[in-house]
1. Provide the per-residue ³J(HN,Hα) series for the range 162-176, in order, calculated from phi with Karplus coefficients 6.51, -1.76, 1.60 and θ = phi - 60°, each as a whole number of Hz, with x at glycine and proline positions.
2. On a 1.4 Å probe surface of the protein chains, which of SER142, SER12, SER107 comes out largest in accessible area, and what is the full order?
3. Classify the chain from the C-alpha gyration tensor, please: rounded if a/c falls under 1.5, else prolate or oblate depending on whether a/b exceeds b/c.
4. Find me the longest stretch of the chain that has none of the exposed trypsin sites (Lys or Arg not before Pro), where exposed means in a DSSP loop (not H, G, I, E or B) with at most 16 other Cβ atoms within 10 Å.
5. Assuming a ≥ b ≥ c are the square roots of the Cα gyration tensor eigenvalues, decide whether the range 1-61 counts as rounded (a/c under 1.5), prolate (otherwise, with a/b larger than b/c) or oblate.
6. Can you tell which of LEU159, LEU149, LEU72 shows the greatest fluctuation in a Gaussian network model of the chain with Cα springs below 10 Å?
7. Calculate, in nm to one decimal, what VAL30 and VAL45 gain on full extension: separation in residues at 0.36 nm each, minus their alpha carbon distance.
8. At a 1.4 Å probe, what is the % contribution of carbon and sulfur to the accessible area of the chain?
Amino acid sequence: MIFFLVAATAISAPIAAWALRRAAAPIPVVTAAGLTTLGATAVAVRWLTDGWPGWWLPVPALLTVFAVPLALADLRHLRLPDVLTLPAYPLFGAAIGAAALGGGGPSLAIRAAVGALLFGGAHAAIHHFAPAGLGAGDVKLSGSLGAVLGAAGWPALILATLAAALITLAIAAVSRKDRVPHGPALLAAAWLCVLFPLAL
């Protein structure tokens, strides 16, 4: 089971890299595959150490599949292409639905829906009032991440927001560039909150 999870997750990296190349945002396939494999291994280890119930496993595994290539694309091209941000909605919806039916219960699905609206809505509002500070790709990504974070528990929404802001500020301070991507920080913060959920 664990070998299958890690292998399937690693296989997703070349597919994502192919899709991003077609979207004019190429990423290094070997780096993507390596980081995705590391992320999937962390997910598997967390599950094996009784970190959370088995029905939660598809959610962090799927987030790993999306997080690595999207973070690499944003770091290299300052873009979060629709080719990955938009399919995340139905796929995360399916994973969260399966988790709710598998033992998480209706409250998990309700938290996910509300989380998507709150997180996505907050990012849309920021983009509307300060478009230079937050890109459209970040807004598109934030709705699906909000669903995953809401499913992980209300504190995850707050923790991910604060952690992502701090990580982005740290990157900006170190790089001293005019523009730094917010997507990698958002994805890293969400991944950690989903790996260590507080309300399952």
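The values are calculated or read from the model by the stated rules, or taken from the named source; none is laboratory data. From a predicted model like this one, the values you see are computed outputs, not experimental measurements. A quick note on method: Cβ atoms are made from the backbone with ideal geometry, for glycine too, and the neighbour counts reach across all protein chains shown. The area values use the complete protein model at the heavy-atom level, side chains included, leaving out ligands, DNA and RNA. Shrake-Rupley method; radii C 1.70, N 1.55, O 1.52, S 1.80 Å.
1. Using θ = phi - 60°, the values come out as 5, 5, 4, 4, 5, 5, 5, 4, 5, 4, 5, 5, 6, 7, 6 Hz.
2. Largest accessible area first, the residues go SER107, SER12, SER142.
3. Oblate.
4. 1-175
5. Verdict is prolate for the range 1-61.
6. For the chain, modelled as a Gaussian network with Cα springs under 10 Å, the answer is LEU159.
7. 3.2 nm
8. The value for the chain is 74 percent carbon and sulfur by accessible area.
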